[in-house]
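For reference, the structure is listed below as structure tokens.
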Amino acid sequence: MIRKLVLALTLMTVPLSVQAVEPNEVLRDPGLEMRAREVGKELRCVVCQNQSIDDSNSELAGDMRVLVRERITAGDSNQQVIDYMVDRYGDYVLLDPPFKAQTLVLWGGPGVIAAFGLLWVVMLFRRRTKADGTQEVVSGAKVDPLSDKERRRLNKLLKEDNA
Amino acid sequence: MKRFLYVIPLLVLVVVGGFSILQLKQVGGGKAVNVLPSVLINREIPPFDLAPIQGRDRGFSSQDLLGQVTIVNLFGSWCVACLAEHPFLMRIKEQNLVPIYGIDWREKTRDAGPKWLAKYGDPYTLIGDDPKSKAAIAFGVTGAPESFIVDQKGVIRYKQIGPITPEVWESTLWPLIQELRKP
């Protein structure tokens, strides 16, 4: 029973990768079809935005798949087909955008944010304990350790509380 | 110093929120905000040659666009936003402001486009039939309607994503067309 449940739950988390390539689109030559699939995986479906054209059921993605196959059959290299699409849609059509000036924020952004976060954490830990043993509380005021007199008073108060 | 740190998230919110509101206002005011700037702007139109739609004897090829400022408008009878902009295209045609060339995109049947045009009016000088997105992909189109302003030399000067509204026309398209017509 438990095993079945675990299996069912595990299967639920398996990402379903469904190919949208229609049977009538598939090329006769398996080698060319393989290349078409490689190209298709790299191209974004411009309608649905987070799927490759091979994964998307949108009509425009279907037409793009057909175009990819036409160009590959006509003798284009994979890179030539991809360049053809980038020429018309820009880097946006690539699911893995290249690193260049226009995509600097895209690639560098997360790193910069992570660096700020790290800096913040480091500052936080360094401020907790100062070299002279004094501690800083949230209000920002420095507090010296308890003096002997204060400690005796605190103990006395605690004892009263327990009694 | 610490107090100041707590204000930072609020500041970020105000900046991001303010920017969003500004963008929304611009869209609402009819200013064309290109979500994806076309890489084709200031480049020559892609070569294409489309067959005529049913009931017309001439199709539409890239050669037809040379020698005058034109609008290339991509539409389809299935496209609701195209119907929304259609009366305005008819007005452009009636006032003879600029020739509009149509790409009839992805019709399910051969007669769907012609029927739609018979019903709502036909503002197009020439129309090409594009059932397999040949021209649509060549123009880097992501959805309909999209319109391109093409100059005399066949260079794309502007891309309008979504319907041509009177506001966009007055603020952007018409001034640009007049500018391009100056010798």
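The values are calculated or read from the model by the stated rules, or taken from the named source; none is laboratory data. Computed from a predicted model, the values in this text were never measured in an experiment. For neighbour counting, all protein chains shown are included, and Cβ atoms are generated from backbone atoms with ideal geometry for every residue, glycine included.
What to note about this one:
- Residue in segment B:141-152 that is farther than 17 Å from A:Val47 by Cα and either free of Cβ contacts under 8 Å to residues at least 12 places away in the same chain or within 14 Å of another protein chain (Cβ to nearest Cβ) (or both) present: yes
- Test for B:Arg157: is it assigned to a strand (DSSP E or B) and over 18 Å from B:Gly59 (Cα atoms): yes
- Flag if B:Glu94 is assigned by TED's automatic domain parsing to the domain that holds B:Gln54 and under 26 Å from B:Gly55 (Cα atoms): yes
- B:Ala118 falls short of the stated requirement of being in the same structural domain as B:Ser38 (by TED's automatic domain parsing) and part of a loop (DSSP other than H, G, I, E, B).
- Any hit, segment B:94-113, residues being within 14 Å of chain A (Cβ to nearest Cβ), in a helix (DSSP H, G or I) and under 29 Å from A:Asp87 (Cα atoms): no
- Of all residues in segment A:27-64 being in a helix (DSSP H, G or I) and closer than 21 Å to B:Gly76 by Cα, the one that is nearest to the other protein chains (Cβ to nearest Cβ): A:Asp63
- Among all positions in segment B:114-122, there is no residue which is closer than 15 Å to B:Ile53 by Cβ and crowded, with 22+ Cβ neighbours inside 10 Å.
- Any hit, segment A:20-43, residues being within 25 Å of B:Glu44 (Cα to Cα) and of a type outside the set (Gly, Ala, Ser): yes
- Complete set of residues in segment A:81-128 that are farther than 30 Å from A:Glu70 by Cβ and among the β-branched types (Val, Ile, Thr): A:Val105, A:Val112, A:Ile113, A:Val121, A:Val122
- None of B:Ile137, B:Ile161 is free of Cβ contacts under 8 Å to residues at least 60 places away in the same chain, within 25 Å of B:Pro46 (Cβ to Cβ) and within 14 Å of chain A (Cβ to nearest Cβ) except B:Ile137.
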